[in-house]
Amino acid sequence: AYERVNTAMGYEANSNEWWTAHDLRRTVRTLMSRLQIPHEIKERILDHAVSGITEVYDRYEYLVEKREALDKVAAKVAELIGE
């Protein structure tokens, strides 16, 4: 996977450029903000802890909303890399 991303980003195979999986999380979070995905959905996609009253009372899993958000991110990534 790293090789495909490096190629898409224009990095040479033997360059000193490197990235981590956390960079992908940060990039996806930034793209979700750019796409105006609601904060609640972004946090749940990244599996950040939900606390307080929300944790106690909101047991909905937001599967449809998370899928829609990730589909938007995937479409944006495809657009950015020219696919």
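The values are calculated or read from the model by the stated rules, or taken from the named source; none is laboratory data. Small disclaimer: the values here were computed from a predicted structure and weren't measured. Note that each Cβ is placed from the backbone with ideal geometry, even for glycine, and that neighbours are counted across all protein chains shown.
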* Across region 51-74, what is the number of residues that are of a type outside the set (D, E, K, R) and touching a Leu at 6+ places or on another chain (Cβ under 9 Å)? -> 2
* To do: Determine the pairs where a residue that is within 15 Å of Leu46 (Cα to Cα) and small (Gly, Ala, Ser), located within region 66-81, has a partner that is part of a helix (DSSP H, G or I) and at pLDDT 90 or above with Cβ atoms under 7 Å apart, the partner being 6 or more residues away or on another chain.
  => Ala69/Met32; Ala69/Ile41; Ala69/Ile45
* **Residue among Ala49, Ala74 that alone is among the small types (Gly, Ala, Ser) and not in a loop (DSSP other than H, G, I, E, B)** => Ala74
* Asked: Residues in region 54-71 that are modelled with pLDDT of 90 or more and part of a helix (DSSP H, G or I): how many?
  -> 9
* region 37-57 residues that are surrounded by 10 or more Cβ atoms within 10 Å (Cβ to Cβ), paired with ones that are in a helix (DSSP H, G or I) and aliphatic (A, V, I, L, M) (beta carbon under 6 Å, 6 or more apart) -> Ile37/Ala69; Ile41/Ala69; Lys42/Met32
* To do: Identify the residue in region 1-33 that is at pLDDT 70 or above and charged (D, E, K, R) and, among all such residues, is surrounded by the most Cβ atoms within 10 Å (Cβ to Cβ).
  => Arg29
